[in-house]
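Written out below as C-alpha cells is the structure these notes cover.
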Amino acid sequence: MNRFFQSNQFRGLIVVLFLLSSLTLYTSTAGPGALGDLLNSAAMPMQKVLSTATGKAATGAETITKSKEELLAENKSLQQQVNTLNQKLTNYYTALQQNEQYKQFLGIKNQHKDYQLLSATIIARDPNSVSGSFTIDQGSTSGITKDCPVITSAGVVGWISEVSPLSAKVTTIFDTSAQFGVRDTANRDTGVFANDLKLADKGLTKMEYLATGTTVKAGDQIVTSGLAVENGFGGKFPRGLPVGTVSAVKSSPYDVSLYAEIKPYVTPGKIRDVMVITDFAGKAEAAKAASSQSSSSSLSGASK
Amino acid sequence: MKRGKRIRFLAYFLEILLFFILQQAPDLLPVIHYARPLLLIPTAVTIALFEPQVASTAFGLFCGLLIDAGTNGGVLGMHAIILTVICFVVSYLAHDLLQINALTAFLVCGIAAAITIILQWLLFYVSLGYADPAYALVEHYLPRFLYTIALGLPIYALNRTIALRI
C-alpha cells in the first residue's frame, strides 16, 4: 500500500485534484468562465446537428409508429373536428365574433411593442436536472444575457441561467427555485408563483400567499405581475406574460393563507422552439430593483 | 505511443463525445419515470477497467468535465473530481486486484453511479433546502441511477471490444 501512495501516479492524481478543486471553487462563485464557454462552444455544433436530426426523425416516426386502430381513431376524431369547424364556418356572425377575439389576441402583441424577441431551438436537455432544464442554440453573441425571460406563444417557459457565446442554459418555471410575482387577470389578486417537486411531477405549479377571502377561482388566467419577490426571480419578467390557468384553490398546510394550483400553458419537456425576450421596457429598472432586494436580503441575512 | 494504442484512445475519445451528445440530445433517449441516463459514468468506469492509471484518470477527468459542462448549475469540476478519483481507483484495482468480467463491471458501474448520483442529490437538492428530499431521491434520483446502470453492461461490452480488438 505504501508503494501505491508513493507512486508518481498518485502524486499526479493529487495535483489534478488540487487543480480541479480550485476550478470548482472558482466556478461556484464566478460562473463557468472561459473553460465552460470552451466546452459548451465545442459541443454546441454537434448537439445542434443531432437535435435537428432527432427532431425530424421524431416527427416522421409519429406517423409510421401508429397502428391501424390508432389511425382510425385519429381519423374519426379529425372528422368530428372538421364537422365542428364546418358548423362554425356556416355561422357567419360566430365567425365574425371569433375574428374579433383573434384581433384582441393580436392586440397583445401590439401592446408589447417594446419586446425584443429572439427565436431559439432546444439543442440539449440536462439529464441531471429534475425540472427539465435545457440548452438553446443562441448565446451572448445573439444578444442574450443572464436572466432573460424565455417564452413560447402560449406563455412563460423559464429564464436564462447561464450564457455562453453560442448557447445558453434555460431554467424552467418547474424548477424548485422558481419564485416570481403573479396576478389573476379576472380580479387582479396577486400572489407568489412557487413550486414543489410533487406538484411539478403532476404538471402543476402554485400561486401562494392568497388571502383567506380571495376571489381567485378555478379557470382564472394567471399572468406575471412584474413584481420582484424576495430571494426570487420575479422582477426580471415583464408584466402580463401568460403563466397558466387556476385548476383548484386549496388551504396552505403551513399557515392560514390559501394557494391556487396552476396548470401552466407550457410543458417545457414537450417544446422544441422558444423565444427569448432580450429586452423590454423597464428591464433595467426591474433588474436594479431585484438586485437591490437581493442585496438587502443578504445584508439582513448577514445581520442575523 | 504505439499506433494501435493511439487508435484505441481515439476510439474512446469519439465514443465519449458520441455518448455525451446522446445523453444531452432532446427526444433521442426515452425519458423513463422523469429520468434520463448518465452514459458517461459507465463509459469512464469501464474504460478504467481496461486501461492504465494515467489514461483512465485522463478519460475520467474528460467525462467529468463534459458532464459538468452539460449541467445547469454553474459549478464546473464537481463531476470531474468524482470521476477522476473513481477512475484512478478502479484502474488501480483492475490492474492488481479485480478480475475483469461483466459482473465486476456491473458492480463497479453501480458503485460509481451511486456515489455520483447521491452526491448530486446532496449538493444540488438537499443542500439548497428544497422541499421533499426523500421524494426527490426516490422518484427522480433513484430512477436516474437504475437507468444509468442498466446501460452499464452494453457499454462494458463495447469498451471490452475496443480494448481487446484494437
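Bear in mind these aren't lab numbers, they're just calculated from the coordinates by the rules spelled out. Just so we're clear, the structure is a prediction, and the values are computed from it rather than from any experiment. For neighbour counting, all protein chains shown are included, and Cβ atoms are generated from backbone atoms with ideal geometry for every residue, glycine included.
A Cα-only calculation for region A:116-304 places Rg and Dmax at 16.3, 49 Å. Remark: mean inter-chain Cβ contacts per residue of B:129-138 equal 3, using a 10 Å Cβ-Cβ cutoff to other protein chain atoms.
Computed from Cα positions, the angle between helix B:78-96 and the longest principal axis of chain B comes to roughly 40 degrees. Look at B:Met78, A:Met275, A:Met44 and count the other Cβ atoms within 10 Å of each Cβ; fewest to most, that gives A:Met275, A:Met44, B:Met78.
Averaged over peptide A:13-22, the number of partner chain Cβ atoms lying within 10 Å of each residue's Cβ comes to 5. Working note: Karplus 6.51/-1.76/1.60 with θ = phi - 60° gives region A:173-189 the couplings 5, 7, 5, 5, 8, 5, 8, 7, x, 10, 9, 7, 6, 6, 10, 6, 5 Hz, where Gly and Pro are set to x. With R₀ set to 35 Å, the beta-carbon distance separating A:Ala284 from A:Lys76 gives a calculated FRET efficiency near 0.05. Taking a ≥ b ≥ c as the square roots of the eigenvalues of the Cα gyration tensor of chain B, is the shape rounded (a/c under 1.5), prolate (a/b larger than b/c) or oblate? The shape class here is prolate. Using r as the Cβ-Cβ distance of B:Leu123 and B:Lys2, and R0 as 45 Å, what FRET efficiency do you calculate, to the nearest 0.05? With a Förster radius of 45 Å, E is 0.65. Counting every other Cβ atom within 10 Å of each residue's Cβ, B:Leu97, B:Leu61 order from fewest to most as B:Leu97, B:Leu61.
Gain on full extension, evaluated as 0.36 nm per residue between B:Leu10 and B:Leu22 minus their Cα-Cα distance, stands at 2.5 nm.
Label-to-label distance, B:Leu146 versus A:Phe18, with points set 7 angstrom from Cα along the beta-carbon direction: 4.4 nm. Counting beta carbons within 10 Å around each of A:Ser164, A:Ser251, A:Ser177 and listing the fewest first gives the order A:Ser251, A:Ser177, A:Ser164.
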